[in-house]
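Read the structure below first, then the notes.
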Amino acid sequence: MTEKVACFRCKSVNMFMTGVKLNDTLIYLCPTCYFDFTLYLSGCAVNPKVMCSDNRKEAKE
């Protein structure tokens, strides 16, 4: 593979990219963006300034 592939999220070009398939479309993520993506999928906030709330608590009130 000689062609350069840019990260889908941050558009950086690294030697190591991870391919992720979303809706039958293959996208490439750099290691930093892939780490943020896995945190996002596990329910964490990717942006440290964002506060997550427990929606189940709010629904009971």
Positions within segment 27-61 being among the aliphatic types (A, V, I, L, M) and either modelled with pLDDT of 55 or more or surrounded by 10 or more Cβ atoms within 10 Å (Cβ to Cβ) (or both), in sequence order: Ile27, Leu29, Leu39, Leu41, Ala45, Val46
Search result, residues across segment 1-26 that are loosely packed, with under 10 Cβ neighbours inside 10 Å and among the basic types (Lys, Arg): Lys4, Lys11, Lys21
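The values are calculated or read from the model by the stated rules, or taken from the named source; none is laboratory data. What you see is a predicted model, and the numbers here were worked out from it, not measured in a lab. Neighbour counts are summed over all protein chains in view; Cβ atoms, including those assigned to glycine, are modelled from backbone coordinates with ideal geometry.
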